[in-house]
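Let me begin by presenting the structure, written as structure tokens, before commenting on it.
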Amino acid sequence: MAIADRVPGPKGNRFKGQIQAFRENTLGFLLDCAHDYGDVVHFKTGPRDHFLLNHPDYIKDVLVTNNRNFTKSPFIQGKPLMGEGLITSEGEFHHRQRRLAQPAFHRKRIATYASIMTQYSKRHIERWQDGETRDIAEDMMQLALAIVSKALYDTDVEAETDSIGAAVDTVMLATQRSPAWLYRLAPSSVIKVLDQLPLPANQRFLQAKARLDTTIYRMIAEHRAHGGGDDLLSMLMRTTDEDQDGAQMSDAQLRDEAITIFLAGHETTANALTWAWYLLSTHPQVEAKVYAEIDEVLGGRVPTIDDIPKLTYIDMVVHESLRLYPPVWMMARTSINAFDVGGYRIPAKTSVMFGPYVMQRDPRYFPDPERFDPMRWTPEAQAERPKFSYFPFGGGPRQCIGEAFAWMELITVLATIAQHWRMRVVPGHVVEPQPRLTLRPRNGVMMKFEERVPVPHL
């Protein structure tokens, strides 16, 4: 009996497998798979076999213990945009690039970015008016884009956030190309051919990619012309790999790394902030505790890096928001060799999937999983759960290099904005997650903005 016949899972159509259910309701389909079939689930999309893992030990095995047996999966297509950046590169080349980029994300270095985060947050909210309606998702995209550009590339792009944001939206839409069923069924070699055809979606993608490349290559040229500074891009330009051949990065390599961190550094954080605002607006008791903590700790002043350890409840709110709506909602690998998991032997060259969105809703570790409850994140509660029951930033050698940067930004931006504003979802506006490269809210999150006066210390 073939492995696919022994592993439990939905069988679906003989030729299409579960492609229709997967496409129409991806998140619901994966949650149902975990609920109905357990910790190892098999399903097919067309001719492709997929094995979904839903246990912390199995996820740890793929990401940490036996990570060398897995490569990044083509389930999420990133190379056409990010080239050989940190997210998409493999093997020794990936290790080399990560080693070169690591100093820019050292904790002492990241601490210097806090003032940029508060400065740009204050500047951004000066545009808001009491009583107006805005899409908080769009606002957070613009703000996060400006912060990452200044902090990591010492470049001010505030005047360009609309056009850059539109280009980012276009490349995100490219992850749901048409005809979608063809991209799900076709092997990678065929997809490469399809990507070269003069289809309208391909043309839009190439135009958006060119717009982003214009910004990135301009940054590189300006840094080379002025000798650079102490930002990430300058560090990458100056660094030589003494463990290898002493070579420096070419402009093409710099472009791949820069655009990868440029996109990952604002897209994921912006989505995390958006979901946090949404959850706070729909849970007024939690929101009230957030405002009370901000007023007590800050007393009306701008937060600093020293305040972050004191904002303990906001920290728990961020944890819980990332549990329910992790920007990186699904991760996937391809097995190099056959491996054993959960009593089954999974073949080589097979798609292995595991999702924070699914795992972090497992009632074994998070009772009443759909409930928004920041108290799940007390030190005592965290100590009772296995590590990979919660992994919004991944794990192992490929754990997100910018995790500390993102965490500081989430706390700092939330505290800065919440001092002065509260938001309410516009009545009738439906908010639902849309799984693409990241977990974006479909149609944004329309909010009514209410100005708030912070309570100063007496």
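Here, each number is a calculation from the coordinates, and none is a lab measurement. This structure is a prediction, so every number in the text was calculated from the model and none was measured. In this analysis, Cβ positions are derived from the backbone assuming ideal geometry, glycine residues included, and neighbour counts consider all displayed protein chains.
Counting only helical runs of four or more DSSP H residues, what would the 222 nm mean residue ellipticity of the chain come to if each run contributes -39,500 (n - 2.57) and the total is spread over all its residues? Present the calculation step by step, with values, prior to reporting the outcome.
Details: 20 runs with 223 residues, N = 458.
Here the helix-only value at 222 nm equals -15000 deg cm²/dmol.
Using +1 at the Cβ of each Lys and Arg and -1 at the Cβ of each Asp and Glu in the chain, identify which of ASN202, ALA418, GLN102 lies farthest towards the dipole's positive end.
ASN202
Evaluate the relative contact order of the chain (contact order divided by residue number), counting alpha-carbon pairs under 8 angstrom at least 6 apart; express in whole percent.
25 percent
Please report, in debye to the nearest 20, how large the charge dipole of the chain is about its Cα centre when each Lys and Arg carries +1 at its beta carbon and each Asp and Glu carries -1 there.
In total the dipole reaches around 1420 debye.
Along the charge dipole of region 274-340, which of PRO303, TYR325, GLN285 sits closest to the positive end, that is, farthest toward it, with unit charges on the beta carbon of Lys, Arg, Asp and Glu (+1, +1, -1, -1)?
Comparing the listed Cα positions along the dipole, TYR325 ranks first.
Would you tally the net charge around ASP162, using a Cβ to Cβ cut-off of less than 15 Å, leaving ASP162 out, and scoring K and R as +1, D and E as -1?
Computed value for this residue: -4.
Relative contact order for region 291-381 using alpha-carbon pairs under 8 Å, separation at least 6, rounded to a whole percent?
28 percent
What does the charge dipole of region 102-177 about its Cα centre add up to, to the nearest 20 debye, if the Cβ of each Lys and Arg holds +1 and the Cβ of each Asp and Glu holds -1? Provide the component values of the computation, followed by the final result.
Values: 9 positive and 12 negative charges, 121 e Å.
Roughly 580 debye, rounded to the nearest 20.
Within 10 Å, at most 15 other Cβ atoms, and a DSSP state outside H, G, I, E, B define an exposed site. Report the longest part of the chain free of exposed GluC sites (Glu not before Pro).
Looking at the chain, 243-369 is the longest stretch - no exposed GluC sites (Glu not before Pro) with at most 15 other Cβ atoms within 10 Å.
Can you list the trypsin sites (Lys or Arg not before Pro) in region 328-385 that are in a DSSP coil and have 14 or fewer other beta carbons within 10 angstrom? Display every interim value, and only then the final one.
Values: sites: ARG333, ARG345, LYS349, ARG361, ARG364, ARG371, ARG376; in loops: LYS349, ARG361, ARG364, ARG371.
Hits after loop and neighbour filter: LYS349, ARG364, ARG371.
Could you give the nm distance between label points at GLN248 and ARG204, where each point is 7 Å from its Cα heading toward the beta carbon?
4.0 nm
First select every other residue whose beta carbon is under 13 angstrom from the beta carbon of HIS35; then total the charges, Lys and Arg +1, Asp and Glu -1.
Result for the neighbourhood of HIS35: -3.
What FRET efficiency would be calculated for the residue pair ARG127, THR282, taking the C-beta separation as r and a Förster radius of 22 Å, to the nearest 0.05?
It comes to 0.35.
From the cross-link list LYS72/LYS150; LYS122/LYS310; LYS122/LYS448; LYS79/LYS209; LYS72/LYS349, which pairs have alpha carbons spaced over 23 Å apart?
Among LYS72/LYS150; LYS122/LYS310; LYS122/LYS448; LYS79/LYS209; LYS72/LYS349, the Cα-Cα distance tops 23 Å for LYS72/LYS150.
In straight Cα distance, which lysines are under 18 Å from LYS16, not counting same-chain residues fewer than 8 positions off?
In chain and number order, the partners are LYS44.
What are the extents of the Cα atoms of the chain along their three principal axes, listed from largest to smallest and rounded to whole Å?
Sorted largest first, the three principal extents are 74, 54, 43 Å.
Which value, in Å³ per residue, describes the convex hull spanned by the Cα atoms of region 252-369?
In region 252-369, the Cα convex hull volume per residue is 169 Å³.
Based on the Kirkwood radius over alpha-carbon pairs, what is the Stokes-Einstein translational diffusion coefficient of region 362-453 at 20 °C with 1.002 mPa s viscosity, in µm²/s?
So the translational diffusion coefficient is about 130 µm²/s.
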